[in-house]
Amino acid sequence: MNTQTLIAAAMASSLLLGCGGSGGSSSNTQGQLTVSVTDGPVEQASAVVVAFTAIEVKPIDGQAFTIDFDETQAVNLLDYQGENFISLLDEHALNAGDYNWLRLAIDESDTYIVVNGNQHTLRIPSGSQSGLKLNHPFTVGAGDNTHIALDFELRKSIHLTGSGKYQMKPVIRVVDSINAYTVSGVLADSLVLDVNCDNDPNNAVGNAVYLFAGHDSLLQDMQGNDDDVLSSSAVNYNAENDRYEFTLGFVPQGDYSLSFTCDAVNDQPFDDDSADIEFSDPLNITVADDNLSDVLLD
């Protein structure tokens, strides 16, 4: 087993601000809320567009209320992978206090997926009727900007039904950005170019880095159980530096295991595909209070 414990030493990215600073609020009874979306990769699709129309929030001691957007925000989630994100709500003034949950309102008529150059309707069960409710309590501090990141795990979320229709049952990782960081690094060429990797002539299909909770974790495909993959990153070839790179964004503090697979295209969510997926030896990492960069998977 290739085991290496890495503790970050670089300053945290300014993109991951979380609860800190006044954010321009002068009231001692109000704070601000920023809600952003990011996502993990999914094979074969070139676009996954979700149309967001509003956000509903529920104060712990009050009635839920809706924050309508000025216009529908049609977001191609594949444009915001790794540490990249787009804010649906940006420093919106809210009463300071505790909140029970938030809900994303969806316009399913403008939500779609593009596969092999063809656009298909992407159905989100009850998306237009009840939206996507996220039972994640959060606190808006007086004078603070609370930044919540919603990480859409597309590999786990998108299914092709028996009738040939695309359906999205969103699996969303909710992260309070104040204690979330970026893990990035490179892969040894030998992993991607291994003779057992049949990932097209350009070595561009099925390559992914999976993140698991804890050191020396059980490596498995996405099955929806307690040992499931927390997050994943596409592997991209950097021609300028002649190397294969990965980036995992919004990773909370803690211990993790990283592993590479070139068989991610075979990973069907909630099914046991272990016979069709091979992993590299895990690499142990520790995310403390800074970003991790130049992690080497070999």
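The values are calculated or read from the model by the stated rules, or taken from the named source; none is laboratory data. Since this is a predicted model, take the numbers as computed values, not measurements. Every residue, glycine as well, gets a Cβ built from its backbone with ideal geometry; the counts of neighbours run over all protein chains shown.
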message: Tell me the residue from SER87, SER126 that is surrounded by fewer than 15 Cβ atoms within 10 Å (Cβ to Cβ) and either assigned by TED's automatic domain parsing to the domain that holds THR247 or farther than 30 Å from SER163 by Cβ (or both), please.
response: SER87
- request: Confirm whether ASP271 is modelled with pLDDT under 85, within 20 Å of LEU150 (Cα to Cα) and either of a type in the set (Ser, Thr, Tyr) or assigned to a loop (DSSP other than H, G, I, E, B) (or both).
  value: no
- prompt: Considering only the stretch 41-68, how many residues are surrounded by fewer than 16 Cβ atoms within 10 Å (Cβ to Cβ) and out of contact with any Phe, Trp or Tyr (no Cβ under 7 Å at 6 or more places or on another chain)?
  reply: 10
message: Looking at SER126 and the list (1) touching a Gly at 6+ places or on another chain (Cβ under 7 Å); (2) at positive phi, which single condition is not satisfied?
response: (1)
- prompt: Is it the case that the stretch 233-250 has a residue that's at pLDDT 80 or above, touching a His at 6+ places or on another chain (Cβ under 6 Å) and assigned to a strand (DSSP E or B)?
  reply: no
- line: Checking ASP221, ASP228 in turn, the sole residue that is crowded, with 21+ Cβ neighbours inside 10 Å, assigned to a loop (DSSP other than H, G, I, E, B) and at negative phi turns out to be ASP221
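Every residue, every condition in (1) free of Cβ contacts under 8 Å to residues at least 40 places away in the same chain; (2) crowded, with 19+ Cβ neighbours inside 10 Å; (3) assigned by TED's automatic domain parsing to the domain that holds VAL35, yes or no:
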position: HIS120; (1), (2), (3): no, no, yes
position: GLY131; (1), (2), (3): no, yes, yes
position: VAL140; (1), (2), (3): no, yes, yes
position: LEU154; (1), (2), (3): no, yes, yes
position: GLY164; (1), (2), (3): yes, no, yes
position: MET168; (1), (2), (3): no, yes, yes
position: LEU187; (1), (2), (3): no, yes, no
